[in-house]
Amino acid sequence: MQFTFTDEQAMMAEMTRKLLTAECTSARLRSLLATGQNFDADRWEKLMGLGLAGSLVPEDKGGLGLSCVDFVQLAEGCGYVALPEPLVELAGVTLPLLAALDRPDLLAQAMAGQAFVALSHPLNPVIVDADRADAILRVGPDRIDLIPANAVQLVARPSVDPLRRVFTMQADERRVTILATGKAAARLAEQAVDRAALFGAAQMLGMAQRCVDLSVAYTSERKQFGKPIGTYQAVKHHLATAQVKIEFARPVLHAASALAPGAGVATAARISHAKLACGDAADLAARNAVQVHGAMGYSWEVDVHFYLKRALALTNAWGTPAWHRDRMAARVFGAPLEIETLFPQEG
């Protein structure tokens, strides 16, 4: 059994990381903040031009046909640079759902970057980038609706992350199109939640690693008493503890990606475990990074704050830690599963 990424997957992840690192620098993030914006149209056009929006859309529907194992590395790269544009939400959650609902015209427009579809779900009290949406996909426990943007009233809400624009909405129910109901809608809704939690975890793991990398670079340059502060044991311990946390979270994330999208308590528990583990890693790495940067670490002049704020925002997105612990408890304390349930045999 193969537990490592293929050479092709590793190469794609590296290329994506290099592209995102070049296109989403801290200087460009700060220029967005200076103008009160969170969306770089040029960067978005480049990402759409690469076909990344259709990453998880099947090839027969015009997408790249990648798996969650492939996409989880792209999501990690987006977290590593604190990408403000909603690529992960669109490509990882909304468009696979739209493809399953058989809306070919809207799907094609969204993959080409000609339309943007925002996602609403009861787990999230707010909708990300709803003000840019041409339509909103509203997912409920047993019903999925499509709502045109001009049929909703939006109210902007504050966010701990200034690079995230979030809204609540009130829809004109007379103009709502019902796309799915009953068991079919419930199954698709469950898959959407699992993908969103999984890729949110991947972003937080990327943020955690970036916090450690920034701290290593800073402590190698910052000198005190004639030598870099990174040579002091107390500083080393802070960064080593954060890196260990990351290394323990990474296989949990990758194992969960191999099961998604799935069904049942086993898959749900794996994904919830990944969300919790990556969230803990991001929280520890960001806090330790702030501390090793010293007094200036508490100011916006330090790039660590981009990742700290985003991690705080994603911690409660697509299920709070308590909600995910409940999903894990359902697996741990529920009825035991047969081995065929976890690894169904062919034939």
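The values are calculated or read from the model by the stated rules, or taken from the named source; none is laboratory data. All of these numbers come straight from a predicted model, not from anything done at the bench. A quick note on method: Cβ atoms are made from the backbone with ideal geometry, for glycine too, and the neighbour counts reach across all protein chains shown. Ligands, DNA and RNA are stripped out before the accessible areas are found, and what is left, the full protein with its side chains, is counted by its heavy atoms. Shrake-Rupley method; radii C 1.70, N 1.55, O 1.52, S 1.80 Å.
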Order 294-305, 160-171 from most to least packed using the mean count of other Cβ atoms within 10 Å.
160-171, 294-305
The chain - share of DSSP beta bridges that are antiparallel (%, nearest 5):
85 percent
Put +1 on the Cβ of every Lys and Arg and -1 on every Asp and Glu Cβ in the stretch 170-324; which of Thr181, Tyr298, Ala322 then has its Cα farthest towards the positive end of the dipole?
Ala322
Size of charge dipole - the stretch 20-119 - debye, nearest 20, with Cβ of Lys, Arg +1 and Asp, Glu -1, no other charges:
260 debye
Students often get this wrong, so try it: which of [x] 86, 62, 34; [y] 69, 52, 37; [z] 63, 42, 36 is Cα extents along the principal axes in Å as calculated from the structure shown?
[y]
Solvent-accessible area per residue for the chain at a 1.4 Å probe radius, Å²?
48 Å²
What is the total of Lys pairs in the chain with C-alpha atoms under 26 Å apart, excluding same-chain pairs fewer than 8 positions apart?
15
Which percent of the accessible heavy-atom area of the chain goes to carbon and sulfur, probe 1.4 angstrom?
55 percent
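How do the peptides 107-119, 36-48, 237-249 rank, highest first, by the average count of neighbouring beta carbon atoms within 10 Å per residue?
Details: 107-119: 20.2, 36-48: 15.6, 237-249: 17.3.
In descending order of packing, they fall as 107-119, 237-249, 36-48.
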Could you work out the helix-only [θ] at 222 nm for the chain, with each DSSP H run of four or more residues adding -39,500 (n - 2.57) and the total divided by the number of residues, to the nearest 500 deg cm²/dmol?
-18000 deg cm²/dmol
If each of Thr320 and Ala156 carries a label point 7 Å out from its Cα toward its Cβ, how far apart are those two points in nm?
2.7 nm
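Under a Cβ-only charge scheme (Lys and Arg +1, Asp and Glu -1), can you give me the dipole magnitude of the chain about the Cα centre, in debye to the nearest 20? Working shown, then result.
On the way: 34 positive and 36 negative charges, 229 e Å.
I would put it at about 1100 debye.
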